[in-house]
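**Student:** Provided herewith is a single structure, encoded as structure tokens, for subsequent inquiry.
The values are calculated or read from the model by the stated rules, or taken from the named source; none is laboratory data. As the structure is a prediction and not an experimental result, all values here were calculated from the model. With ideal geometry, Cβ positions are generated from the backbone for all residues, glycine too; neighbour counts draw on all protein chains shown. Note: areas computed on protein heavy atoms with side chains; ligands, DNA, RNA excluded. Shrake-Rupley method; radii C 1.70, N 1.55, O 1.52, S 1.80 Å.
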Amino acid sequence: MIRRGRPTLFLVTATWTALASLHAPPARADEEDDIQRQIDTQKAGVPDLEHLDARHGATAELQRLREWLDEAWALRNKHDTDAAREVLDRCLSQGELIRQVIAASQAKADVAAREATLQKTRQQIDRQKQALRESEAKKKSLEQAARS
């Protein structure tokens, strides 16, 4: 006959292992390294956004992004990882806002260029209509002079 161990010993050991894994100390170094990588990645993207902003329509937003990245770095150095992640989320949203502002300023510039072209075309049409009227008037006067 096979003798089995006490089920309570197994249950106690399993419970203790589960509780120990739930109350494990936070892995601060890895989390801070991850935050540092995210900050460095976002800081590396700022010059690209500046380059895209040829019309300087998002200058204030870019400055705010730089300030928030500095704030995230300061919070990371204070070991306040939750607040740093919150600021990093804000930075990601700010980056998207900057891209949209750049796209909007590009679209506004395109619309302004098309409106200028439209205005020139309308002026050219008006000049041609006036020249046509003058030619018709001249033709009528020449026809009347030829008849008389």
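**Student:** Using a probe of 1.4 angstrom, how much of the accessible area of the stretch 37-80 is carbon and sulfur, in percent?
**Tutor:** Here it works out to 52 percent.
**Student:** Of the listed peptides 56-65, 125-134, what is their order by residue-averaged count of other C-beta atoms within 10 Å, with the highest listed first?
**Tutor:** Taking the mean over residues of other Cβ atoms within 10 Å, the ranking is 56-65, 125-134.
**Student:** Could you pull out every one of the lysines with an alpha carbon less than 25 Å from that of residue 43, ignoring same-chain neighbours closer than 8 positions?
**Tutor:** 78
**Student:** Further, regarding this structure: From the backbone phi of the stretch 44-57, what are the Karplus-calculated ³J(HN,Hα) couplings (6.51 cos²θ - 1.76 cosθ + 1.60, θ = phi - 60°) in whole Hz, Gly and Pro given as x?
**Tutor:** Once θ is set to phi - 60°, the couplings for the stretch 44-57 become 5, x, 4, x, 5, 5, 4, 5, 5, 7, 5, 8, 6, x Hz.
**Student:** For an R0 of 30 angstrom, estimate the FRET efficiency from the Cβ-Cβ distance between residue 114 and residue 67 and round to the nearest 0.05.
**Tutor:** With R0 = 30 Å, the Cβ-Cβ based efficiency is 0.25.
**Student:** Per 0.36 nm of contour for each residue apart, how much would the distance between residue 104 and residue 146 grow if the chain were fully extended, relative to their Cα-Cα spacing?
**Tutor:** 8.9 nm
**Student:** How large is ³J(HN,Hα), in whole Hz, for each residue of the stretch 128-144 in order, when computed from phi with the Karplus curve 6.51 cos²θ - 1.76 cosθ + 1.60 and θ = phi - 60°, using x for Gly and Pro?
**Tutor:** Coupling constants for the stretch 128-144: 5, 5, 5, 5, 5, 4, 5, 5, 5, 5, 5, 4, 4, 5, 5, 5, 5 Hz.
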